[in-house]
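The values are calculated or read from the model by the stated rules, or taken from the named source; none is laboratory data. Everything quoted here is computed from the prediction, not taken from an experiment. Note: ideal-geometry Cβ built from the backbone for every residue, glycine included; neighbour counts use all protein chains shown. SASA here: full protein model, heavy atoms, side chains in, ligands and nucleic acids out. Shrake-Rupley method; radii C 1.70, N 1.55, O 1.52, S 1.80 Å.
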Amino acid sequence: ALEDMKKAVQLKPGDYKFYNKLGEIYFEVTDIDHAIKSYEKSISLHNDDAYAYLKLGQIYLYQAKPRETIENINEALRRDKYNPLGYALKASYYLQMKDTARAMSNLLTSIEVDPDYFPSYNDLGFLYSLQNDVRAANYYTNALRLKPGNIQVLYNLGKFLQDVGNYDSAASCYLQILKGKPAHKSANYNLGYVYFVQGNFEQAAGYFSTSIQINPHFVEAWLGRAM
């Protein structure tokens, strides 16, 4: 793919979109320096392209270069203020800066500009869950509205409900996960924990046993079954 894209760029060197594609492929093969150069070339050909600025911001975010990160994200948003990814990346930047309030504000903005932007619902659910805030469940539920049956969101929702003591609803989430992925180690273990707390010891032992079968080195599952 990389060699073909290089050939396309040689044949049509003035097309900025080709450099964006080249940057994507370089990023996939972790050639970060060439990815940066490709996006910079795209910008030099078409300075109004928000996408290239966003991708540069994303790369610098991974590299933990805060100044370059925020400069490129802000440049992207100046060109496209309704791009939800820009605000989501800005949220990640503020999380790196340990400014959770601003991170959450930007995630909220991302779903204001695009009410169907799935990643921000999931991220808001996670951040609210860290605060044991019941709004976490609302954001996870909205994420599931957009992607019904998403295993990661179901697990996150189940774990939050478990942590706040809503065991029946937590168990429902884990059971949904196991319908599609019976070998999900953590869902089996957490179901064992939920049933143990509720006093359903036979069911708890069964799910702890399944976790052990999946991973014989799962220490917590051995401890749970022993209890």
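Between N132 and L45, full extension at 0.36 nm per residue minus the direct alpha carbon distance yields a gain of 26.5 nm. Take the chain with all the other protein chains still there, run a 1.4 Å probe, and you get 54 Å² of accessible area per residue.
Quick one: if you take sqrt(5λ) for each eigenvalue of the C-alpha gyration tensor of the stretch 128-201, what semi-axes come out, biggest first, whole angstrom? Working shown, then result.
On the way: eigenvalues 73, 52, 14 Å².
After diagonalising the Cα gyration tensor, the semi-axes are 19, 16, 8 Å.
Here the label points at V197 and D4, each 7 Å from Cα along the C-beta direction, are separated by 5.1 nm in the simple model.
Using a cut-off of 29 Å between Cα atoms, the listed pairs K12/K37; K147/K185; K81/K181; K159/K179 include K81/K181 as exceeding that distance. Dipole magnitude for the stretch 1-76: computed about the Cα centre from +1 point charges on Lys and Arg Cβ and -1 point charges on Asp and Glu Cβ, it is near 120 debye. Rg/Rh for the stretch 73-224 stands at 1.08; both radii use Cα atoms, and Rh follows the Kirkwood definition. Using θ = phi - 60° in the Karplus curve 6.51 cos²θ - 1.76 cosθ + 1.60, the 3J(HN,Hα) couplings for the stretch 108-114 round to 5, 5, 4, 8, 6, 7, 8 Hz; x is entered for Gly and Pro.
Mind checking the dipole of the chain: about its Cα centre, +1 per Lys or Arg Cβ, -1 per Asp or Glu Cβ, Debye to the nearest 20?
I would put it at about 120 debye.
Cα convex hull, the stretch 3-144: 114 Å³ per residue, rounded to a whole number.
Projecting the Cα positions of G199, M104, H217 onto the charge dipole of the chain (unit charges on Cβ atoms of Lys, Arg, Asp and Glu, taken about the Cα centre) puts H217 furthest along the positive direction. Phi-derived couplings, Karplus 6.51 cos²θ - 1.76 cosθ + 1.60 at θ = phi - 60°, listed residue by residue for the stretch 191-196: 4, x, 5, 4, 5, 4 Hz, with x used for Gly and Pro.
Rounded to whole numbers, the Karplus 3J(HN,Hα) couplings from phi for the stretch 133-139 are 9, 4, 5, 4, 4, 5, 6 Hz, using 6.51 cos²θ - 1.76 cosθ + 1.60 with θ = phi - 60°, and x at Gly and Pro.
Summing charges over all other residues whose Cβ lies under 15 Å from the Cβ of K90, with Lys and Arg as +1 and Asp and Glu as -1, gives 0.
When all protein chains stay in place and ligands, DNA and RNA are ignored, the 1.4 Å accessible-area order of F196, F118, F208, largest first, is F196, F118, F208. On a straight-distance basis, which aspartates and glutamates could pair with K21 in a cross-link, Cα separation under 17 angstrom, same-chain partners fewer than 8 positions away excluded? Within reach: E3, D4, D31, D33, E40, D48, D49. Only protein atoms count toward the accessible area here, which uses a 1.4 Å probe; on the stretch 1-152, the carbon and sulfur part of that area reaches 50 percent.
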